Amino acid sequence: MTGQDDGGGIRDRAGTLAVLMIAPAIAYIVAMIGVPLLLAINYSLSDATTGDPVHHYAGLVNYRSALADPVFRLALKNTFVFALVSQSIVIVLSRVLASALSMPFRGKWAVRFLIMLPWTAPIALGAIGWLWMYDSIYSPFDWLYRRAGLLGKPGDPFGPMTNIYWLGRPTLAMASVVIVHVWRLLPLATVIQLAGLSAIPGEILEAAEIDGARGWRKAAWITIPLTLPIIGIAFLFGIIFTFTDMTIVYILTRGGPVNATQVLATWTFFKGIEGGDLAQGAAISLFMVPVLAGIAALLLRMARRAEVT
Amino acid sequence: MARVEVRGLSKRFGGFQALDEVGLTAREGEFLVLLGPSGCGKTTLLRLIAGIEEPSRGEVLIDGRVVNDVPPRLRNVAMVFQSYALYPHMTVRENIGFPLKMHHIPKAAAAGKVEEAAGMFGIGGLLDRRPRELSGGERQRVALARAVVRNPSVFLLDEPLSNLDAKLRVSAREELRRFQRRIGVTTIYVTHDQVEAMGLGDRIVVMNRGSIRQVGEPREIYERPADTFVAGFIGSPPMNLVEQGDRLVGFRPERFLPAALTPKADAVAWSFDVTWVEDLGAERLVYGTLGGKASEGRVVSRIPASVPIAIEAGRAYPFSVDRVDLRWFDRATGLRTEGGAP
Ligand SMILES: Nc1ncnc2c1ncn2[C@@H]1O[C@H](COP(=O)(O)OP(=O)(O)O)[C@@H](O)[C@H]1O
Ligand SMILES: [Mg+2]
């Protein structure tokens, strides 16, 4: 060196600069995710309660008792059912909506804006709205069905009772929760799919048209395969959102009737906070971690694939 | 094979007139080249013929039938896009076979046709690759193979060679021409490259700003440009244009030679003030002005290397043009007029 190495300063040392730039992100992840995760793991291996959060090591007893609990197993199953069913419906509906919205028509921007609205409302507010619509006595759906002659008299297709009791019957309660999840995530999925569709070069679609593809054949052979990575991303995002959401079930059913709509997120809350068994609650919540980590890894891979094509 | 005709075709994009009253016929089996500077509406015209764009006014006819309301897939045209528009998620085999699949050709028959089309363009060995694993030249061949595979009656090619490097372009040009001769399909070929147009076209359509300026055989366009735009666009370097009263006189650089080389009595002589000489090996380009008309008379002479006469910048030489090689244009309209003394 000829004495010039003092002029460039930190900018010349790419390694140091990179570390400095990324440090805030790492600090954030450690503080907001790493520490709580370690705390949760710690609690799950202890006998802590909300009344007595002092740490005594208790081994895997919390995991064993969680697994032995039939409510936990039901909640685990429900968590998967809600996520998979609602997101399968979301993908199909958002695809249809995105196709419709990608066509030219008057007022397109207004319609796009309206579709995004549910996404901007706080989830709790939306869920309370749905709670009213599913009300056991005042449900507007029931009122409509009664007016349409589908409900309330002997021989009507929806039964002779004056109400459907959406949240009072296990299967209907599950369907109701799924519907709210669909309503909640449809806007995001639609926007993601719309972005995927508009990323396809126009000339490829025109070539397909000249080659004779149109309608569902064009979708099946051209647009869906080309946007598959994006569809996958929308699907996995939706899975993560439904998997970790407790608001909808908590507000609509509190996990009922008789745990029929219980999910891991609500069961964690009922056990760990309302029931006071902090250690058990921590163990239950940690069952979600491997699944979510797996989905996150898949998401990263798909994001890379979407970039390449 | 088919005859393609457009009548009074106009296309507006918002307030912009991309095509203005274009009328044109491509004869059966003809190789017709649309030539013009970038942005003059060539691609738009091609897209209107293909049916992926709707005209604002006018008609498109294929074999005498108005096809304005016929969707692209039923016009039996094949188009090669400038970007090639290959399907990135399909192999070469699937790309070429796609039009057949969409037209419900049985699998076995389709497989044979795909092999045949691929063989025609020498890409039989690439059938299992994906477009991103191909070079530019290979992609262009795949696009051509996909276009021929279902025997279209019209080929529409949008600058198919513009993404290739210069050397490849020359061989691809020759191949394309030979191939078109062999299968004899009516072809409309878009380019902004006049060398390509001259080399490929049975006839050339010169366009500018959304309208047609001249239609004719390459030699005719070169020798007798219809107006000053065509004169200035065709040829490299283009035709010299010099003011002469209320007219412009034009002559090709290769006709503007040292007076000693044009000994005929019927030649027009000038004193040529040389400002710059470029030796390109096969020829010399000599730039300068015509004596007496210092500012406006910038002209070029193109002298083959076989002419040994020494020419230096900064000096004046007697140059001349044979009178039959002079072209006359109206100064106000730019249109060519006949005859006249200098
Ligand atoms: N979809 C469109 N919307 C607006 N303007 C367009 C559109 N397509 C083409 N144009 C305009 O029309 C003119 C002709 O375009 P084009 O036919 O692509 O020219 P060329 O192929 O001769 O280069 C250009 O000025 C271009 O900007
Ligand atoms: Mg173009």
Residue selected from the range B:166-194 under the condition under 13 Å from B:L35 (Cβ atoms) and open to solvent by less than 10 Å² (accessible area, probe 1.4 Å), by the criterion nearest to ligand 2 (Cβ to nearest atom)
B:V190
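Taking the conditions exactly as written (within 16 Å of ligand 2 (Cβ to nearest atom), buried (at least 17 other Cβ atoms within 10 Å of the Cβ) and within 14 Å of chain A (Cβ to nearest Cβ)), does B:A197 satisfy them or not?
no
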Between a first residue in the range A:53-64 that is assigned to a loop (DSSP other than H, G, I, E, B) and a second residue that is among the small types (G, A, S), which pairs have beta carbons less than 8 Å apart while being 6 or more apart in sequence or on different chains?
A:V54/A:A48; A:H55/A:S46; A:H55/A:A48; A:H56/A:S46; A:H56/A:A48; A:A58/A:S46; A:A58/A:A279
Residue tally, condition within 16 Å of A:I204 (Cβ to Cβ) and of a type in the set (F, W, Y), over the range B:92-146:
1
Residue tally, condition surrounded by 16 or more Cβ atoms within 10 Å (Cβ to Cβ) and of a type outside the set (K, R), over the range B:6-16
3
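Could you check the range A:195-206 and list, in sequence order, the residues that are more than 10 Å from every other protein chain (Cβ to nearest Cβ) and either assigned to a helix (DSSP H, G or I) or under 17 Å from B:R73 (Cβ atoms) (or both)?
A:A195, A:G196, A:L197, A:S198
So that you can scan it fast, the table gives a plain yes or no per residue for (1) surrounded by 18 or more Cβ atoms within 10 Å (Cβ to Cβ); (2) not β-branched (V, I, T):
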position: A:S136; (1), (2): no, yes
position: A:P140; (1), (2): no, yes
position: A:K153; (1), (2): no, yes
position: A:T162; (1), (2): no, no
position: A:A173; (1), (2): yes, yes
position: A:R184; (1), (2): yes, yes
position: A:E206; (1), (2): yes, yes
position: A:E209; (1), (2): yes, yes
position: A:A219; (1), (2): no, yes
Looking at the range A:207-218, can you tell me whether even one residue there is in a helix (DSSP H, G or I), at the interface with chain B (Cβ under 10 Å from one of its Cβ atoms) and touching a Ser or Thr at 6+ places or on another chain (Cβ under 7 Å)?
no
Number of the exception - B:N163 against (1) within 16 Å of ligand 2 (Cβ to nearest atom); (2) over 18 Å from the mean Cα position of the chain (by Cα):
(2)
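Within the range B:53-78, can you find the residues that are open to solvent by 40 Å² or more (accessible area, probe 1.4 Å) and away from every other protein chain (no Cβ under 11 Å)?
Matches in the range B:53-78: B:E54, B:S56, B:R57, B:E59, B:D63, B:G64, B:R65, B:V66, B:N68, B:D69.
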Tell me the strands (runs of 3 or more DSSP E) entirely within the range B:183-297 that contain at least 2 residues that are within 15 Å of the chain's Cα centre (by Cα) and hydrophobic (A, V, I, L, M, F, W, C).
B:186-191, B:203-208, B:211-216
The range B:31-40 - residue that is open to solvent by 10 Å² or more (accessible area, probe 1.4 Å) and touching a residue at least 60 places away in the same chain (Cβ under 8 Å) and, of those, farthest from ligand 2 (Cβ to nearest atom)
B:P37
Number of the condition not met by B:T43 [criteria: (1) hydroxyl-bearing (S, T, Y); (2) buried (at least 20 other Cβ atoms within 10 Å of the Cβ); (3) within 16 Å of ligand 1 (Cβ to nearest atom)]
(2)
Condition check: open to solvent by 10 Å² or more (accessible area, probe 1.4 Å), of a type outside the set (F, W, Y) and away from every other protein chain (no Cβ under 14 Å). Does B:A2 satisfy that?
no
Take the conditions within 13 Å of chain A (Cβ to nearest Cβ) and open to solvent by less than 10 Å² (accessible area, probe 1.4 Å) and apply them to B:A50. Does it pass?
yes
Unique match (being in contact (Cβ under 8 Å) with a residue 12 or more places away in the chain and open to solvent by 40 Å² or more (accessible area, probe 1.4 Å)) among B:A231, B:A259, B:A265, B:A313
B:A313
Is there a residue in the range B:81-92 that is more than 10 Å from chain A (Cβ to nearest Cβ), in contact with a strand residue (DSSP E or B) (Cβ under 6 Å, 6 or more places away or on another chain) and surrounded by fewer than 19 Cβ atoms within 10 Å (Cβ to Cβ)?
no
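A quick yes/no check of all residues on (1) out of contact with any Pro (no Cβ under 8 Å at 6 or more places or on another chain); (2) within 14 Å of chain A (Cβ to nearest Cβ); (3) in a loop (DSSP other than H, G, I, E, B):
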{"residue": "B:L144", "(1), (2), (3)": "no, yes, no"}
{"residue": "B:N151", "(1), (2), (3)": "yes, yes, yes"}
{"residue": "B:L157", "(1), (2), (3)": "yes, yes, no"}
{"residue": "B:N163", "(1), (2), (3)": "yes, yes, yes"}
{"residue": "B:R169", "(1), (2), (3)": "yes, no, no"}
{"residue": "B:R173", "(1), (2), (3)": "yes, no, no"}
{"residue": "B:R177", "(1), (2), (3)": "yes, no, no"}
{"residue": "B:R181", "(1), (2), (3)": "yes, no, no"}
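The values are calculated or read from the model by the stated rules, or taken from the named source; none is laboratory data. Since the structure is predicted, the reported quantities are computational estimates derived from the model, not experimental observations. Note that we place each Cβ from the backbone using ideal geometry, even for glycine, and neighbour counts take in every protein chain shown. We work out accessible area using only protein heavy atoms, side chains counted, and drop any ligands, DNA or RNA first. Shrake-Rupley method; radii C 1.70, N 1.55, O 1.52, S 1.80 Å.
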